[in-house]
Every structure is written in C-alpha cells, then in structure tokens.
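Would you mind keeping the following structure in view while I ask a few things?
No lab work stands behind these numbers, since they all come straight from the coordinates. Fair warning: this is a prediction, and the values are worked out from it, not measured in the lab. Here the Cβ positions follow ideal geometry from the backbone for every residue, glycine too, while neighbour counts run over all protein chains shown.
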Amino acid sequence: MGIRPVERPRAAVPGARRKLPLPRTGVRRLAGVAPFLAQQGHEPAATVVLSDVPVDEGSGPLRATGIEQLLSPGPCDTPDGPAVVEPVDADPLRITSGRLAVSDPGLTGETPLTVAVPPGEFPVTLSLVRTTGEADVAAARVTFLDAPPREWDMAVQPDEDLGPLGEGQFYGVGVDTGTVAFMDATRTVAEDQLDEDLFIPLNSRFAVEWPGREPEPNLIAFRAGKGDGAHPVWIGRTDDGQVGCVVVDFRLHSTEGEE
C-alpha cells in the first residue's frame, strides 16, 4: 500500500508493552486484571471513560456524529494537522455464537462489550489516517448487513446507564495494551501466546488475524489509534433495527458537523 505504520513502542520482546495512563474521570472501573498486568510489568489503569468533563445538569453523553465519514476516503483534519483517510480491508471475522465481543485482547480477565449479531463471516475495514508517509488506525468496522445505518447506538454493558454521563462523556472499550480486537464472544485467548501471535506482529502491521480451526471463530486484532485509553463503540442499525455494523472510533480526526 506504500504506507508505513507509525512506529509506536510496543512488544519488541515478551512483556515489553508500553502502558499509557488512562484518564482519571470515569464510571466503569477495571477489575480482575491485576495478575496479568503485573506479569507484564505494570499496574492496571483505573477507568475506561475518556472525557474529564464534569457531569452537569442538562448535559448529555457523546453523540454519534459523522460516523460514516470515519471510513470515507479523502482529506480530514487532525490535532496534528491535515491528513488523508484511507480505508483498508483486514481479514474477515468469523462469528459462530451470534455474539460479537469487542475488547483489548490483553485484558483477559475483563468482561468485554458484546453485541448480538448473526453468525457467519463478515468483512472488517480499518480507517487509516495518513500523514507524510505514516498512518494510524483511526477507526475499525465490522459489517454484518449490506444496508446503510439509519441510527447509531453507543454499545454499553447491561449495567451501564447513559443518564449520569456529562457532555461528551461515554462508555467504551478500555485499552491497556494499545490493541483492540473483534472476536466471537466464545473465543478464548491464550495469555502465553499474546506476544508472539499478536503484539509483536502488530509492531509492523495494522491488523493481525489470530485464526481458529474452521469452523471455530477467529480473532481480528488491530492497533488502537494512538495507544491506550478508552474508545467509544457504535452500533449502526438499519431501518428495521437490525445491527448493520459495529464501529470502534479512536477519535483521531474531526467529523464535527457531519451527520
């Protein structure tokens, strides 16, 4: 493709992954991952909500604005200046259980976000934001239906309430290894194979497939934008309410004012 992935510190050798601190304000706490993270040489972060905006009466959570533009090719604005969006295909995702999971594959003790979807094999698309010779993954989408979304819902856990969220706040997928994955909800991850099979290959690639023996589900892992933190996950629904696609937004470029 002629695009060089941005070189970010990550697992050059087992256990050498870099941790960026998650923000202080939030409503979902990470739990149960301390043993694994301790083996990797760092402590777990505390929250998975990015925004540090206080909860004000009358304010509301992050809104799904311009999600389609995240994967539309063309120029865009970023905090680092002008860039170009380039969609690229990753390996297809195989779902067998009827539930998609979205998570950091390194946080094996956490309950992932899950979405009810049809079983089958589905295309995965990455949105690269490219500057001079370099690129980051700005968004990732798995598409289940060949129909345009008519509305977008924030993906949440069953016990998460959007009501208390302040302006611009959101629930999202928590990232502590610089990686997010789409996978079947029944797919298990072998901790002792993470470095060799996922993190080291992602030093030089934008996405990696971790195959399962057919017809078992596979796993598609990809770089999480600029690194660790929390990232909103959006469910695109068709006219009749079916899940048409699921998008992870790493919030690298502005889509303000675009619906």
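Are there trypsin sites (Lys or Arg not before Pro) in region 144-245 that DSSP puts in a loop and that have at most 16 other Cβ atoms within 10 Å, and which ones?
On the way: sites: Arg150, Arg187, Arg205, Arg213, Arg223, Lys226, Arg237; in loops: Arg150, Arg187, Arg205, Arg213, Lys226.
Those that pass, being in a loop and sparsely packed, are Arg150, Arg205, Arg213.
Further question on the same structure: Which whole-percent values make up P(r) of region 91-188 when all C-alpha to C-alpha distances are grouped in 5 Å steps starting at zero?
Calculated over all Cα pairs of region 91-188, the distribution is 2, 10, 18, 22, 22, 15, 8, 3, 0 percent.
Using R₀ = 25 Å, calculate the FRET efficiency as 1/(1 + (r/R₀)^6) where r is the Cβ-Cβ separation of Asp153 and Ser204; round to 0.05. Numbers along the way, then the final one.
Details: r = 35 Å, r/R0 = 1.40.
Result of the calculation: an efficiency of 0.10.
List Ile200, Ile220 from most exposed to least, where exposure is judged by having the fewest other Cβ atoms within 10 Å. Don't skip to the answer; put the middle values down first.
Numbers: Ile200 18, Ile220 24.
Result, fewest neighbours first: Ile200, Ile220.
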